[in-house]
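One structure is given here, and the rest of the page talks about it.
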Number of protein chains: 2
Amino acid sequence: MVARLLIVEDDPALAELLVWHFEAEGYAVTQTSDGEEALLLAAEEAPDAVILDWMIENVPGIEVCRRLRRAPETANVPIIMLTARGEEEDRIRGLETGADDYVTKPFSPRELIARLAAILRRTRPALAGKTLRIEDLELDPVAHRVRRAGQEIPLGPTEFRLLQHFLERPGRVLSRGQLVTGVWGHDSDIEERTVDVQIKRLRAALNITGGKDLIRTVRSAGYSLG
Amino acid sequence: MVARLLIVEDDPALAELLVWHFEAEGYAVTQTSDGEEALLLAAEEAPDAVILDWMIENVPGIEVCRRLRRAPETANVPIIMLTARGEEEDRIRGLETGADDYVTKPFSPRELIARLAAILRRTRPALAGKTLRIEDLELDPVAHRVRRAGQEIPLGPTEFRLLQHFLERPGRVLSRGQLVTGVWGHDSDIEERTVDVQIKRLRAALNITGGKDLIRTVRSAGYSLG
DNA sequence: AACGATTGTCACAGAACTGTCATGCAACCG
DNA sequence: CGGTTGCATGACAGTTCTGTGACAATCGTT
């Protein structure tokens, strides 16, 4: 699941710079320089966040912000406003109009990215990079949910911990001993063969949708995911 | 509904200024100049937000931020960091450590207030009197009413607080311990099993209309809404 | 003080989960 | 190819965890 971003920026050079940076961060970016078009795009595409310059064509940024907040389908989208004007009154007005953050030019793209990430952590925890993925499998540690190809997969507590352990170490072969200490705990007196059984159960659960086996058995060494 | 604020600020003059301004805005303010004490206060009082100076006694602000994020009791509290250092690297580091905003001195108190309000709009919509919704369920924090599919549902005080707590954290799995501190208060000596019983009562109340169960049990972890 | 509503705790039943074992198959080795 | 080692699987009994009804204590009102 990729976060979609709408950038509303008038200045071609800055727009290009922003698009480049955010795409490099893995965002799916749409860009426009026009306020009216921004409203249409926001309603159609339902982006996960909007970067909005104060000075743009047709409609002032603050008015776009206000209208986004008023329309039910966009009322909750996070908005970061950009401006060349450093006036305190403007910043406060922007924030009070419903912007989530207000960044003054010149700014560092990395800081803007960090600020967006901070906001997405709140509004879309699943998009903030906490979700663990491999191929069509995703695990959300906050919601305690696992999906394969979009379909929810119910897992028991041990299966869940085991899968999370693997997803945090993708591609790496883990011995049964490592898995016992990592998943069951240092002080557990579990038979190493028990790992086999949990692996089997996890495999069965992950394959109810019919996909290929994601867990690789490495003979006389252990198991790995992917 | 009054928002509680923890201000962690070393400089007496600035601390006094901030306390004055935020109390004038209607916040219930606690203030300390010490990092260790800040962590204790945050755990005990469960404030709705923390204003955290980078340079404070005993523990650097960034370390306080990190520890707040790590402890389950305070992992979710919004944090605004303050600093005299305008370095881009610091700002990015602060935001990536888990701060929600990062304000450089000198700043205007009004802007800080506006930034805090912007964050609280996201994290505690109920404080602003905004109706909380999920699917066909809505909770009006002002009128203290809950409806499901338009029909009013009578709830006891504890059930109401529990539901509001869930609605402010949709989808998130909350452990019984987190629920006890969040709903009953840090100083309550409630059995964790009691949570089960209130969950059952809340479920029964929400399902009188016959809809599906909105509360999900996550075995060995806790409960979540949606 | 009396009353009903609300709440915390407990005991118990049922459900879900887990570790272990026996067995059979597959991979490896000379 | 026969022997050996390692892994997968199904069964199962024990354990852990959750849902529920009952009940007494507490709270808030009248």
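Using only the alpha-carbon atoms, how far is helix B:109-123 inclined from the longest principal axis of chain B? Give it as 0 to 90 degrees, nearest 10.
Here the helix axis deviates by roughly 30 degrees.
For the stretch B:131-225, with every protein chain kept in place, what is the accessible area per residue (1.4 Å probe, Å²)? Write down the numbers at each step before the final one.
Working: 4770 Å² over 95 residues.
On a per-residue basis, 50 Å².
Would you mind listing the distances between the A:Val2 label point and the same position in each other copy? Use 7 Å along Cα-to-C-beta, nm, one decimal, shortest first.
4.9
For chain A, take the longest principal axis of its alpha carbons; what is the angle in degrees between that and the long axis of helix A:61-70, to the nearest 10 within 0 to 90?
60
So which GluC sites (Glu not before Pro) in the stretch A:167-226 are both in a DSSP loop and have at most 12 other Cβ atoms within 10 Å of their Cβ? Mind dumping the intermediate values first?
Numbers: sites: A:Glu168, A:Glu191, A:Glu192; in loops: A:Glu168, A:Glu191, A:Glu192.
Within the stretch A:167-226, the qualifying GluC sites (Glu not before Pro) (loop, at most 12 other Cβ atoms within 10 Å) are A:Glu191, A:Glu192.
Output needed: percent of Cα pairs per 20 Å distance bin for the protein assembly as shown, bins running from 0 to the one holding the longest distance.
Reading upward from the zero bin: 22, 53, 25, 1.
Can you run the Rg to Rh ratio on the stretch B:105-202? Use alpha carbon positions and the Kirkwood inverse-distance Rh. Walk me through the intermediate numbers first.
Working: Rg = 16.0 Å, Rh = 15.1 Å.
Ratio of gyration radius to Kirkwood radius for the stretch B:105-202: 1.06.
Considering amide H positions built from the backbone, and no H for Pro or chain starts, which residues 5 or more places from B:Leu82, or on another chain, come under 5 Å of its amide H?
Counting only residues 5 or more places away or on other chains, the set is B:Leu52, B:Asp53, B:Trp54, B:Val103.
Hey, can you grab everything whose amide H is under 5 Å from the amide H of B:Ile153? Only 5+ residues off in sequence or another chain; H modelled, so Pro and N-termini drop out.
Distant-sequence amide H within range of B:Ile153: B:Val146, B:Arg147, B:Arg148.
Provide the net charge surrounding B:Trp184, with neighbours chosen by a C-beta distance below 11 Å and charges set as Lys +1, Arg +1, Asp -1, Glu -1. It would help to have the intermediate numbers written out before the result.
Values: positive: B:Arg161, B:Arg176; negative: B:Asp187, B:Asp189, B:Glu191, B:Glu192.
Overall, the nearby charge balance is -2.
Dipole magnitude of the protein assembly as shown about its Cα centre, charges +1 at Lys/Arg Cβ and -1 at Asp/Glu Cβ only, in debye to the nearest 20?
Dipole of the protein assembly as shown, to the nearest 20 debye: 2340 debye.
Treating the point 7 Å from Cα along Cα-beta-carbon as the label, what are the nm separations from A:Asp196 to the other copies, to one decimal?
3.5
Would you list A:Asp213, A:Asp53 from the most to the least accessible area, probe 1.4 Å?
Values: A:Asp213 75, A:Asp53 5 Å².
Putting A:Asp213, A:Asp53 in descending order of accessible area: A:Asp213, A:Asp53.
Using +1 at the C-beta of Lys and Arg and -1 at the C-beta of Asp and Glu, which of A:Leu82, A:Gln178, A:Thr32 has the Cα lying farthest in the positive direction of the dipole of chain A?
A:Gln178
Name the trypsin sites (Lys or Arg not before Pro) in the stretch A:178-214 that are in a loop by DSSP and that have at most 11 other C-beta atoms within 10 Å, would you?
Those satisfying the criteria are A:Lys212.
Could you run the Karplus curve 6.51 cos²θ - 1.76 cosθ + 1.60 with θ = phi - 60° over the stretch A:171-181 and give me ³J(HN,Hα) per residue in whole Hz, x for Gly and Pro?
The phi angles translate into x, 8, 7, 10, 6, 4, x, 4, 5, 4, 5 Hz.
If you bin the C-alpha pair distances of chain A every 5 Å from 0, what whole percents do you get?
1, 6, 13, 15, 13, 10, 8, 8, 8, 7, 6, 4, 1, 0
What is the count of Lys pairs in the protein assembly as shown whose alpha carbons sit under 26 Å apart, if the two are 8 or more places apart or on different chains?
On the way: A:Lys105/B:Lys105; A:Lys130/A:Lys212; A:Lys200/A:Lys212; B:Lys130/B:Lys212; B:Lys200/B:Lys212.
Count of close lysine pairs: 5.
What is the percent of Cα-Cα separations in the stretch B:112-164 that go past 17 Å? Show your work: numbers first, answer last.
Numbers: 553 of 1378 pairs.
Distances greater than 17 Å cover 40 percent of the Cα pairs.
Measuring from a point 7 Å out along Cα→Cβ, what nm distances, shortest first, does B:Asn58 have to its partners in the other copies?
Spelled out, the distances from B:Asn58's label point are 5.6 nm.
By the gyration tensor of its Cα atoms, with a ≥ b ≥ c the square roots of the eigenvalues, what is the shape of the stretch B:4-127: rounded for a/c under 1.5, prolate for a/b over b/c, or oblate? Present the calculation step by step, with values, prior to reporting the outcome.
Details: a/c = 1.17, a/b = 1.04, b/c = 1.12.
The shape class here is rounded.
Calculated FRET efficiency, A:Glu44 and A:Asp187, Cβ-Cβ r, R0 51 Å, to nearest 0.05? Show your work: numbers first, answer last.
On the way: r = 55 Å, r/R0 = 1.09.
The formula returns an efficiency of 0.40 here.
The values are calculated or read from the model by the stated rules, or taken from the named source; none is laboratory data. Owing to the predicted nature of the structure, the values given are computational and were not obtained by experimental measurement. Here Cβ is always computed from backbone atoms with ideal geometry, including for glycine, and neighbour counts include all displayed protein chains. To get the accessible areas, we keep the full protein, side chains included, count just its heavy atoms, and leave off ligands, DNA and RNA. Shrake-Rupley method; radii C 1.70, N 1.55, O 1.52, S 1.80 Å.
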